[in-house]
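To start, the structure under review is shown below, and the notes come after it.
The values are calculated or read from the model by the stated rules, or taken from the named source; none is laboratory data. Note that the structure is predicted; figures quoted are calculated from it, not measured. Here the Cβ is made from the backbone with ideal geometry for all residues, glycine too, and neighbour counts use every protein chain on show. Side chains are part of the model used for accessible areas, which takes the heavy atoms of the whole protein and leaves out ligands, DNA and RNA. Shrake-Rupley method; radii C 1.70, N 1.55, O 1.52, S 1.80 Å.
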Amino acid sequence: MCGIVGYVGDRQAAEVLLSGLARLEYRGYDSAGVAILHDHGHDHNHDHDVDADDDAGNGNSNSNGNGALTLRKSVGKLAALREALDAEPLSGSVGIGHTRWATHGRPTVANAHPHRDCSGDLALVHNGIIENYASLREELRREGHSFLSDTDTEVIAHLIETYWNEQDTKQPTGSEYVQTSQPGLRLAAAVAAAMRRLKGAYAIAVMHRDEPGTIVAARKDSPLIVGLGQDENFVASDIPAVLEYTREVVILHDDELAILSADGVTVLNTCLEEQEPELLHVAWSLEAAEKGGYEDFMLKEIHEQPTALRETLRGRLVDGVVQLSELELDDAEIAGLNQVFIIACGTSYHAGRIAEIVMEVWARIPTEVQASSEFRYADPIIDEHTLVVAITQSGETADTLAGVREARARGAKVMAITNVVGSRVTREADGVIYTHAGPEIGVAATKTFTSQIAALNILALKLAQSKGTLEQRVIEDIYDELSSLPELVANQLLHQDEIQACASGDCCINACTSLFLGRGIGVPVAMEGALKLKEISYIHAEAYPAGEMKHGPIALISPEVPVIGIATNAATYEKVISNIEEVRARDAQVMLVGTEGNEELRHYAEHVFYVPEVSELLSPIVATVPLQLLAYYIAKARGCNVDQPRNLAKSVTVE
Ligand code: F6R
């Protein structure tokens with residue numbers, strides 16, 4: 001979710017890179033950097049890196065032969081990078097730039113991109129996550145490479161260096177060893193060879209001092225486009241970065257590489273065979289382009305859930321073993337835990353309520369959830385045998401941070417689950433599980449919520465495996481099913497017509513209050529649906545365990561009150577239906593979230609939002625998606641600003 005920009009042409013690359021990166025600022029970042037290949041004959045030739053904030057250089061620059069490849073990097077906003085470039089300008093018309101949103105390693109200058117190889121001749125920027133970076137780094141270290149950052153990205157630079165060097169020494173044995181003078185092809189061959197070793201998601205842009213005038217870009221599971229200009233070309237992670245210069249773009253596909261020079265762009269597959277590029281003329285405004293063509297960030301982020309879930313779940317089961325080294329507890333220590341205590345606020349609290357059920361069923365460990373604002377003053381019964389899990393997408397929520405301190409003061413081990421690398425909770429907790437959902441700009445949490453659920457599922461599986469409460473086969477089946485969720489959610493998102501039609505009906509738009517009902521794991525799903533609706537549409541919404549309704553809330557029911565029931569396949573399905581019949585008998589307008597194929601639901605509701613069939617404990621992710629969309633479309637129909645609802649902030653840093 002970081003930003004990539006690359007430029008090759010006649011202009012000063014630094015300017016183009018800065019303006020392009022500024023267009024990607026909306027994605028969020030915590031450090032930035034550029035690499036520029038110095039043109040011969042220009043004044044500012046630096047023999048060493050000049051980093052804006054500290055002296056954490058990243059390889060040596062070379063000033064003999066071709067022009068020097070020089071980096072500028074800074075922590076914080078682009079203004080800091082601009083200042084560094086103003087103080088010591090870099091001239092050159094080929095360059096790559098990056099805004100980094102930390103995933104591996106804190107936001108520091110050393111971890112900021114671009115990264116270089118040992119020779120300092122190659123510079124690279126990367127978006128995504130390399131799953132096998134630890135083993136690759138080990139292998140490269142043994143071969144004599146040294147690393148200057150904590151990032152997974154730096155591994156790619158050194159891997160490409162290896163294949164680049166092999167082309168000097170090895171006889172050609174295939175397409176990866178290219179003996180040709182076509183500019184950029186040698187670098188492309190080295191990149192293609194490296195791609196075959198990488199597991200995970202990446203979009204990269206690479207330049208090499210010995211391939212002046214070219215940039216090689218490549219992607220797998222992470223977006224990358226090429227902008228086509230007149231005697232200049234661009235590469236970027238997102239269209240807004242190039243819109244100032246061109247509206248003609250090439251969409252790169254997975255496992256494709258592009259060689260860019262000022263004269264043209266060649267798209268190749270990893271066997272270096274030329275591909276027909278997918279051309280697109282962009283007619284959107286800049287604002288629409290920032291939102292990826294969606295009307296709002298919230299809608300974009302709802303649609304990013306498949307990708308976010310994939311990132312959260314990536315590489316979490318290897319050879320049957322649940323991978324959660326972040327927990328830093330061995331099996332004996334896990335066996336010594338006598339409870340899990342979850343603290344969180346708002347939507348994160350709802351993720352905690354879902355996890356409470358899952359932890360108890362899978363890991364058979366007593367689990368309690370409390371709002372952080374209550375926990376901190378509640379004199380909680382916790383000690384060194386308690387695992388406290390603090391869930392906060394922003395990592396900055398004041399009450400949750402206070403809860404973390406309180407828990408640690410009482411001797412508990414605290415794991416944070418957050419989406420923001422380097423946020424405060426990561427400094428205060430004993431360990432951190434990152435959700436890797438990418439920056440969330442809409443104030444209402446959507447993709448961070450479903451990613452939290454996925455991360456908590458992995459934590460529950462880990463505890464279950466260590467405690468031996470689930471059979472190995474069951475763990476593998478659950479992980480397989482979890483891994484199928486991104487695809488299922490992607491399919492769900494293709495079919496929103498029923499939700500949109502329902503949301504624009506009078507019953508929804510003009511409602512003053514609404515009731516969300518569920519049972520079991522459907523209760524926190526209902527709570528999240530109600531929170532989404534009230535916070536962005538300003539319609540009052542109350543969530544209740546369906547069986548409790550007759551003890552009070554049923555008094556609210558009237559034809560004007562929409563009732564939204566969670567009626568997916570579950571042990572309590574029949575009970576939910578009985579409760580729905582009770583509200584229908586009082587003429588409520590009913591909408592149900594139900595499992596695909598269950599046609600009988602149409603007898604009980606005006607609208608049914610079908611979700612794919614999954615096991616009951618994994619159903620919250622698929623059941624939440626229609627509720628997010630319902631809230632979104634109702635709020636839009638009422639003319640609300642869904643991205644910035646009144647009175648709310650993305651991180652709540654005060655008590
Ligand atoms: C709701 C929402 C808030 C947050 C809450 C906690 O859409 O975004 O309820 O969930 O403020 O925030 P974090 O997760 O950052 O601690």
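So who's got an amide H within less than 5 Å of the one on Y294, skipping anything under 5 residues away but keeping other chains? H placed 1.01 Å off N, in plane.
Long-range HN contacts for Y294: none found.
Against the 2.2 N^0.38 Å scaling, with N counting residues, where does the range 374-470 land? I'd like the Cα-based Rg ratio to two decimal places. Each step should come with its number before you reach the end.
Working: Rg = 13.8 Å, N = 97, 2.2 N^0.38 = 12.5 Å.
Ratio of Cα Rg to 2.2 N^0.38 Å: 1.10.
Considering the dipole of the chain built from charges on the beta carbon (Lys and Arg +1, Asp and Glu -1) around the Cα centre, which of A241, L627, S483 is farthest to its positive end?
L627
Using modelled backbone amide H atoms (1.01 Å from N, in-plane), which distant-in-sequence or interchain residues come within less than 5 Å of V432's amide H?
Under 5 Å from the amide H of V432: A416.
Rounded to the nearest percent, how much of the accessible area of the chain (1.4 Å probe, protein heavy atoms only) is carbon and sulfur?
Heavy-atom surface of the chain belonging to carbon and sulfur, 1.4 Å probe: 46 percent.
Starting from the range 333-401, pick out the trypsin sites (Lys or Arg not before Pro) whose DSSP state is loop and whose Cβ has at most 14 other Cβ atoms within 10 Å. Write out the running numbers ahead of the final one.
On the way: sites: R353, R364, R376; in loops: R364, R376.
Qualifying residues, ordered by number: R364.
Provide the percentage of antiparallel DSSP beta bridges, counting only those with both residues in the chain; round to the nearest 5. Numbers along the way, then the final one.
Numbers: 64 of 104 bridges.
Within the chain, antiparallel bridges account for around 60 percent of the total.
State, to one decimal in nm, how far the label point of E287 lies from the label point of D254, with both points 7 Å from Cα in the Cβ direction.
3.5 nm
Loop-only check: which GluC sites (Glu not before Pro) in the range 446-491 are DSSP coil with at most 12 other Cβ within 10 angstrom?
E471
With every protein chain kept in place and ligands, DNA and RNA left out, what is the accessible area per residue of the range 294-492? Probe 1.4 Å, answer in Å².
Numbers: 6680 Å² over 199 residues.
Solvent-accessible surface per residue comes out at 34 Å².
Determine, from the Cβ-Cβ distance of N647 and E599 and an R0 of 25 Å, the FRET efficiency 1/(1 + (r/R0)^6), rounded to the nearest 0.05. Before the final figure, lay out each step's value.
Details: r = 42 Å, r/R0 = 1.68.
Efficiency, from the Cβ-Cβ distance: 0.05.
Round to the nearest 10 and report in Å² the accessible area of T397, as given by a 1.4 Å probe over the protein chains' heavy atoms.
Accessible area of T397: about 20 Å².
Out of the chymotrypsin sites (Phe, Trp or Tyr not before Pro) in the range 300-390, which ones are loop residues according to DSSP with at most 11 other C-beta atoms within 10 Å? Before the final figure, lay out the partial values.
Details: sites: F341, Y349, W362, F375, Y377; in loops: Y377.
When the chymotrypsin sites (Phe, Trp or Tyr not before Pro) of the range 300-390 are filtered for loop state and at most 11 Cβ neighbours within 10 Å, Y377 remain.
Using Cα pairs closer than 8 Å and at least 6 residues apart in sequence, work out the relative contact order for the chain, in percent. Display every interim value, and only then the final one.
Values: 1516 pairs, mean separation 68.0, N = 655.
Averaging sequence separation for qualifying contacts and normalising by length gives 10 percent for the chain.
Per residue of the range 389-395, what does 6.51 cos²θ - 1.76 cosθ + 1.60 with θ = phi - 60° give for ³J(HN,Hα)? Whole Hz please, x for Gly and Pro, Karplus curve as stated.
10, 9, 9, 7, 4, 7, x
State, to one decimal in nm, how far the label point of E25 lies from the label point of R142, with both points 7 Å from Cα in the Cβ direction.
4.7 nm
Going highest first, how would you order 495-505, 425-435 by mean Cβ packing within 10 Å?
Working: 495-505: 16.6, 425-435: 20.7.
Result, highest mean Cβ count within 10 Å first: 425-435, 495-505.
At 1.4 Å probe size, what's the solvent-accessible area of R602? Round to the nearest 10 Å².
Counting only protein heavy atoms, the figure is 110 Å².
To the nearest 10 square angstrom, what accessible area does S615 show with a 1.4 Å probe?
50 Å²
Can you compute 3J(HN,Hα) from phi for each residue in the range 67-79, using the Karplus curve 6.51 cos²θ - 1.76 cosθ + 1.60 with θ = phi - 60°, rounded to whole Hz and x for Gly and Pro?
Going residue by residue, I get x, 6, 9, 10, 10, 10, 9, 8, 8, x, 6, 4, 4 Hz, with x marking Gly and Pro.
L317's amide H: which non-local residues (gap 5+, or another chain) put their own amide H closer than 5 Å, with H modeled 1.01 Å from N in plane and none for Pro or chain starts?
Amide H neighbours of L317: Q323.
Using mean Cβ contacts within 10 Å as the protection proxy, how do 630-638, 551-559, 510-518 order, highest first? Walk me through the numbers on the way to the answer.
Values: 630-638: 23.9, 551-559: 13.7, 510-518: 21.7.
Packing proxy ranking, top to bottom: 630-638, 510-518, 551-559.
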